[in-house]
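Peer 1: Got a structure here, written out as C-alpha cells. Questions coming.
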There are 6 protein chains.
Amino acid sequence: MSNEMPTALNLPMVDPLPEQTQKYFDVCTEKLGMVPNVLKAYAFDMAKLDTFTAMYNDLMLGDSALSKLEREMIAVAVSAVNKCYYCLVAHGAAVRQLSGDPALGEALVMNYRVAKIDTRQRAMLDFAVKLTQASATVEEQDREALRAVGFSDRDIWDISSVAGFFNMTNRVASGVDMRPNEDYHAQAR
Amino acid sequence: MSNEMPTALNLPMVDPLPEQTQKYFDVCTEKLGMVPNVLKAYAFDMAKLDTFTAMYNDLMLGDSALSKLEREMIAVAVSAVNKCYYCLVAHGAAVRQLSGDPALGEALVMNYRVAKIDTRQRAMLDFAVKLTQASATVEEQDREALRAVGFSDRDIWDISSVAGFFNMTNRVASGVDMRPNEDYHAQAR
Amino acid sequence: MSNEMPTALNLPMVDPLPEQTQKYFDVCTEKLGMVPNVLKAYAFDMAKLDTFTAMYNDLMLGDSALSKLEREMIAVAVSAVNKCYYCLVAHGAAVRQLSGDPALGEALVMNYRVAKIDTRQRAMLDFAVKLTQASATVEEQDREALRAVGFSDRDIWDISSVAGFFNMTNRVASGVDMRPNEDYHAQAR
Amino acid sequence: MSNEMPTALNLPMVDPLPEQTQKYFDVCTEKLGMVPNVLKAYAFDMAKLDTFTAMYNDLMLGDSALSKLEREMIAVAVSAVNKCYYCLVAHGAAVRQLSGDPALGEALVMNYRVAKIDTRQRAMLDFAVKLTQASATVEEQDREALRAVGFSDRDIWDISSVAGFFNMTNRVASGVDMRPNEDYHAQAR
Amino acid sequence: MSNEMPTALNLPMVDPLPEQTQKYFDVCTEKLGMVPNVLKAYAFDMAKLDTFTAMYNDLMLGDSALSKLEREMIAVAVSAVNKCYYCLVAHGAAVRQLSGDPALGEALVMNYRVAKIDTRQRAMLDFAVKLTQASATVEEQDREALRAVGFSDRDIWDISSVAGFFNMTNRVASGVDMRPNEDYHAQAR
Amino acid sequence: MSNEMPTALNLPMVDPLPEQTQKYFDVCTEKLGMVPNVLKAYAFDMAKLDTFTAMYNDLMLGDSALSKLEREMIAVAVSAVNKCYYCLVAHGAAVRQLSGDPALGEALVMNYRVAKIDTRQRAMLDFAVKLTQASATVEEQDREALRAVGFSDRDIWDISSVAGFFNMTNRVASGVDMRPNEDYHAQAR
C-alpha cells in the first residue's frame, strides 16, 4: 500500500482500521491488486466510509437490469462531462476490463457520441449526460425516449441513480483533489 | 399520507413496509407532519432507501463543524444552480426553519450572492457553487480560500461531500420527476 | 415608509416629492401596504420615475389578451433565468396572489418546466425564456409555435415586450443592488 | 417611407397617425432621412409608442454625465452580446456618426475588447457587458471598479439603465424580427 | 505600406523579403491596394508564411463546388462565433465585395440567422457554426442534413475544412492581437 | 494498410498515389507501423494533403523553442476542450511516447489542471485552453503572463499557432467523422 496521500487534505486513515474494514481492504488488495484510493480517502471516518461503500455496492454491484458494464459506461460518460480525473481513470479501466474493448473505454472518456454502442445504450447515455449537464431540462419526453428503447421505470430509476451518484463523486473527488492509483493506467489496454 | 405518486415512475412502495421502516415513517409523520416524498420514492426497494437515508443522516445530521443550517445552506445553493424543484422546496423550508429568517431561504433559492451571510459562509457557498458548476476547475487555491477563513481540512471534506450529495439528489429528483410534499410551501414563512 | 436605502447607490429621493408622485405613493401604501422599493429607487429623478411607471403600467396593467397573471408569470420565468432577487421576490408574490396558488409561484421561481400550466402558457414561457437566454436564435418557427397554440401577432408582441421589459429591470436591479421590501416574503403563502 | 413591414408581425400602423406622432415622424424624416423602423413597429399602438420614445429619449438624449456617444457605445456593446441585428445596425451607425471613427463602430460590433478606448470607457463597457451576460454576478466590487475610474453613483445608475434598456430592445427586436432601415448600412463609413 | 506593427508581438518581417515573396506582396498592393496584415504578420518566417498562404489559397481560391462567396460566408459566420476582429473586418469586406450586398456582409457579422440566403446556404452555415460551437456534437444526421439540400461528400469536406481553417486563424489572430488594415472598413459599403 | 474508410465520407484516395506520396506513406508504415488515418483522409486530393502536411510538419516538427512534447501537450489540451476523439487518441499516444509518462497523457486528455507539469507549461496550456474556449477574451495581460514565465514573442506565436492548428483539425475531424487507427490505443501505456 503506497504511503502517498490519496487527496490534498490532511485526513489520515483511522489507525488501526477496524477489523472488518481491514478485511475489506485485504480483499481489495487480493482481488484488485490495490486498495482504491477513494476507500483510503474516506477511511478517516468509518461512518462515512461505510455509507459510501454501501451505496456504491448497491448501485454498481447490486441487482439491476443494467449490466455492470452499462453502469460503468454511465460512470465514465458522466465523469467525462465533469472532467473528473479520478473517476475517469478508475472507471475507464473498469469499462476496458468489463468490455474487453479498450477503444470503448477511450471513446467514453473522450466523446461518448463516437462510441460503437447500440441504440439502447446510446439512449441510456444521452439521458445520463443530459441529467449531468442540464438536469432541470429533463422532462417526461426524455423518460419516454428511454421507455421507447425498452427501459422499464425501474431501469430509469437506476440510470438516474448511477448518473446522480457519479455527479456526487466527481464533485467530492475534485473538491479534495482525489488521486487515482497509478496501476489503473496500464490495465486492460 | 397522500396517495399521490411521489415521482413520474410507477414504482410503488413495498407493502407492507418492513417494521423498522414503518417506524421511521411514523416518526417522520409525528415530527414533521409528513413523510417526505423522497423517502416514499426510495421505498420501492429497502436497500436503496437504507443506503440513501444512512448517507443523508450522516452528512446532514451527523457530527460536523458545519452547523445543520450551514449544511442546509449548501443544499439550497447547490440545488439553485441545478434548478431542482424538489430540493429547493424541501431544503428552502429547512433553511427558513433553522434560521428563523425567511428572507435568507428566499435569497439562497434565488441568488445566493445577495444573501446576508458572513465572509466564512460566503466562502463556503462560493466553493460549493464552483464545485457544482465547474468541478474540474477547483484547485488548491480554492481550498486555500476556505482555509483562509478558518475552515479545516475536515470541513473542506464536509463542504465537498454535502455539495456532492445534492448534486446527486438534484439529478435523481429531476430524472424521476420527484414531487415535493405540498406542506413545505407554507412552512416558516 | 422604511428609511432603508432601496439600492446600493446614494441617490436619495427628491424631497419633497412632487404632489402627483406623493399621491401615487400614498395610493401604493393604501393598496399594497407599502411603496415598492423600485419606485423609491427611481424617485431621485422624476423623469426617470415617470417613464418607468408609464411603461410598466402599460405593459403589466394595460389592455392585452394576456391576463395579468400571465404577464406576471413571464416576469418570474424571465427573472429566474437572470436570477434577479428583487424581481423574483416582488413578482413571485404577485403570481401567488393573482393565482391563489403558492406552488405555482414557487415553481416559476425554481424551474418553470415543472409548473402545472396548460400547453398555451407553457409555449408562452418557452418563448419568453428562449428570448431571455438566446434571443438571437429566435426565428419564425418560434413565432409559429405561439400561433399554433392560439396566440395572435399582437399577443406575440406583448409576450416579447413583457419578456424584454424584465430583461431590462433584472439588469437595472442587479446593477444597482435593488432590495425588495421585506413584506413580499410572507404574502399569499 | 418604405412600404415594407418593419417586423414579422402583421401589426399595421395606426392610420392616420395622430397629428403629434405624424409631426414626430416628419421631423425624423427631415433630420435622419428616414423614420427608424422601430418607431414604425411600435406605431400600431400609440400608448406603446409613446412610453417607448419617452424612455428612449430620457435615457439616450436626456441629461447625463455619460456623453451621447458613450451611451451609444453601451448600446452596441450590449447588442453585440445579444447579437441583435436591428440594434447593431442602427446603433453601430450612431457610434460611427457621433465618433467620426468607423473603426470604433466596427470594433464595438465585433469585439469591444479591441476597441481603442480609454480606461474609463473600458470599465463602463465591462460593467455593461457583465450585466448583460451574467447580471446576478454583479456585486459591490463591480460598482467599486466604476467608482475607481471616476464614475459617480448617478453614472452607475445611468450605465445600468442604458445597458438594461438595450437588453430589453434586443429581445423585443429578436422576438418580432424587427428589420433595420437599409440606409443605416452606408452611413458614416 | 504602413509601418504600424500588424500584431502585438515584436516579430519584424524578414528584411529584405525573398524575391518571390516581395513579388507576391507587390501583386497584393496592386490588386487590393494593400498587403493584408495577416501576410505581414507571418512574414517573420518564410516557411510559416508559405504554408499559410498555400493552405489559404487552396481552400479559399482553389477548385470547389462552393463558390468563393460561399467560402467567405463561412469565414464570416465562423469568425462571428469567435468574435475575431481581424477576420470579421477582412472577410466581412470580402463578402460585401463578392456579393455586392453590404447588408449580407453585415448580417453575417451580426447574426447569420437573419441573413437573406437560400436553404442550401443556411444549411451550410448551420453546419459550420455547429462545428465551431460544439464540434463534438456533430454526427451523421448533420451530414445527412447537408446531403438533403444537395451537398456532396466532397462539399462536406470543403465546408468542414473552411470552417476549421477559420477556427484556426481566429485563434492565431486573437492570440497575437492581429490588427486589420484600416482600408477594409470603407470597402464595398 | 486497413481497408476501412478513415472517415464517414466517400472520398477514396487517389489511386495510384503519386510516387512521392507513396514514398511518404511507406516511411510512415516503416517508422510508425501505420499510415495515420488523417493522411489517408486527405489523400483524395494531393493539393489538400500537401498543404496539410506542410503546415503540420512546420508547426509540430519544425524549429521552435517549444519542445515536440510541449507542442503535443498543447494538441491534447486543445483537443480535450473540443472533445475530438481522433486527435485525443493520436496525440494522447504521442504525449505518452515522447514523455514516457502514461499518466501525463491521461491527465491532459481528462483534465489538464491535474497534470504534474511545471509553472511554465501550465501557463502555456492555460493560454492555449483560453484561446480555445474564448479566443476573443485573450488580451495583452494574457501574453504578459506568458512573458512572465519566460516565453518570448516568437514562443507566443508558436503557442497560438499550435493551439489554432488543433482547433482546425478538431473541427475537420468531427465534421467528417475521422477515425483513429486502432493501434494508437495500446501505445506507450
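Peer 1: Measuring from the axis that superposes chain D on chain F, report the chain D residue with the minimal C-beta distance, rounded to whole Å.
Peer 2: Closest to the axis: D:ALA134, 8.
Peer 1: For the stretch D:1-66 and the stretch B:26-54, what is the separation of their C-alpha centers, rounded to whole Å?
Peer 2: Between the Cα centres of the stretch D:1-66 and the stretch B:26-54 lies a distance of 61 Å.
Peer 1: Under a point-charge model restricted to the Cβ atoms of Lys and Arg (+1) and Asp and Glu (-1), what is the dipole moment magnitude of chain E relative to its Cα centre, in debye to the nearest 20? Don't jump to the answer; show the numbers that get you there.
Peer 2: On the way: 19 positive and 25 negative charges, 92 e Å.
Dipole magnitude for chain E comes out near 440 debye.
Peer 1: Considering every residue in B:17-27, what mean count of other chain Cβ atoms within 10 Å of its Cβ is obtained? List each step's numbers first, then the result.
Peer 2: On the way: counts 0, 0, 0, 0, 0, 0, 0, 0, 0, 0, 0.
Per residue, the number of nearby Cβ atoms from other chains is 0 on average.
Peer 1: With a Förster radius of 60 Å, plug the Cβ-Cβ distance of D:MET46 and B:THR119 into 1/(1 + (r/R0)^6) and report the FRET value to the nearest 0.05. Before the final figure, lay out each step's value.
Peer 2: On the way: r = 53 Å, r/R0 = 0.88.
Here the calculated transfer efficiency is 0.70.
Peer 1: Say a label goes 7 Å from Cα toward Cβ at A:LYS31 in every copy; what distances in nm does this one have to the rest, shortest first?
Peer 2: In nanometres, ordered from closest: 3.5, 4.7, 7.0, 7.0, 8.1.
Peer 1: I'd like the distance separating the alpha-carbon centroids of the stretch C:98-152 and the stretch D:76-135, in whole Å.
Peer 2: Using only Cα atoms to place each centre, the spacing works out to 31 Å.
Peer 1: Could you pull the Rg and Dmax for the stretch A:1-69, using just the Cα atoms, both in Å?
Peer 2: 13.1, 40
Peer 1: Stretch A:CYS28-A:ALA54 to full length: gain in nm at 0.36 nm per residue minus the Cα-Cα span?
Peer 2: Details: separation 26, 0.36 × 26 = 9.36 nm, distance 1.52 nm.
Contour length minus the Cα-Cα distance gives 7.8 nm.
Peer 1: What is the angle, in °, between the Cα long axis of helix F:153-176 and the longest principal axis of the Cα atoms in chain F? Nearest 10 is fine, range 0 to 90.
Peer 2: With both axes taken from Cα atoms, the answer is about 40 degrees.
Peer 1: Radius of gyration and Dmax for the stretch C:58-126's Cα atoms, expressed in Å?
Peer 2: 10.9, 30
Peer 1: Output the relative contact order of chain E, whole-number percent, from Cα pairs under 8 angstrom with separation of 6+ residues. Walk me through the numbers on the way to the answer.
Peer 2: On the way: 208 pairs, mean separation 55.5, N = 189.
Worked out over chain E, it gives 29 percent.
Peer 1: Find the all-direction average of the projected area of the Cα convex hull for the protein assembly as shown, expressing the result in square nanometres with one decimal place. All intermediate terms of the calculation are to be shown ahead of the outcome.
Peer 2: Details: hull surface 182.0 nm².
Answer in nm², one decimal: 45.5.
Peer 1: Here's another thing I want to ask about it. Just to confirm the number: angle between the C-alpha axis of helix E:68-82 and the first principal axis of chain E, 0 to 90 degrees, nearest 10?
Peer 2: 90 degrees
Peer 1: Using 7 Å Cα-to-Cβ label points, what is the D:GLN97/A:ALA65 separation (nm, one decimal)?
Peer 2: Taking the simple label geometry, D:GLN97 and A:ALA65 are separated by 6.7 nm.
Peer 1: Could you state the angle between the C-alpha long axis of helix C:85-99 and the longest principal axis of the C-alpha atoms of chain C, as a value from 0 to 90 degrees rounded to the nearest 10?
Peer 2: 70 degrees
Peer 1: Taking only Cα atoms and a 10 Å spring cutoff, compute GNM fluctuations for chain F and point out the largest among F:ARG96, F:ARG147, F:ARG71.
Peer 2: The residue with the greatest mean-square fluctuation here is F:ARG147.
Peer 1: Sticking with this one: What nm distances, shortest first, do you get from the label point of B:LYS68 to those in the other copies when the point sits 7 angstrom along Cα to Cβ?
Peer 2: So the label point of B:LYS68 gives 4.0, 4.2, 6.4, 6.4, 7.6 nm to the other copies.
Peer 1: Then there is this: Straight-line reach from D:LYS130: which lysines fall under 16 Å, measuring Cα to Cα and dropping same-chain residues less than 8 apart?
Peer 2: Within the straight-line limit of under 16 Å, D:LYS130 reaches these lysines: C:LYS83, D:LYS83.
Peer 1: Here's a follow-up. Name the aspartates and glutamates eligible as straight-distance cross-link partners of E:LYS116: C-alpha to C-alpha under 16 Å, and not fewer than 8 places from it in the same chain.
Peer 2: Partners within reach: C:GLU139, C:GLU140, D:GLU4, D:ASP177, D:GLU182, E:GLU70, E:GLU72, E:ASP101, E:GLU106, E:ASP126.
Peer 1: Same structure, new question: Report, as an integer, the average count of C-beta atoms from other chains found within 10 Å of each Cβ along F:175-181.
Peer 2: That average works out to 6.
Peer 1: Based on the alpha carbon coordinates of the stretch A:124-189, what radius of gyration and maximum Cα-Cα distance (Dmax) apply, in Å?
Peer 2: When restricted to the Cα atoms of the stretch A:124-189, Rg and Dmax are 15.2, 42 Å.
Peer 1: Place the label 7 angstrom along Cα→C-beta at A:ARG147 and in each other copy, then list the distances from the first to the rest in nm, shortest first.
Peer 2: Those separations, rounded to one decimal, come out as 3.3, 3.4, 5.3, 5.8, 6.4 nm.
Peer 1: Also, quick follow-up: Calculated from DSSP H runs of 4 or more alone, at -39500 (n - 2.57) each and per residue, what is the 222 nm mean residue ellipticity of chain A, nearest 500?
Peer 2: Value at 222 nm, helices only: -20000 deg cm²/dmol.
Peer 1: If you take each beta carbon of peptide E:104-110 and count the beta carbons of other chains within 10 angstrom, what is the mean?
Peer 2: Details: counts 0, 1, 8, 4, 0, 8, 14.
Taking all residues of E:104-110 together, the mean is 5.
Peer 1: Taking the Kirkwood radius as the inverse of the mean 1/r across Cα pairs, report the Rg/Rh of chain C.
Peer 2: 0.98
Quick note: the coordinates plus some simple rules give every number you see, no bench work behind them. None of the values given here were measured: they were computed from a predicted structure. Note: ideal-geometry Cβ built from the backbone for every residue, glycine included; neighbour counts use all protein chains shown.
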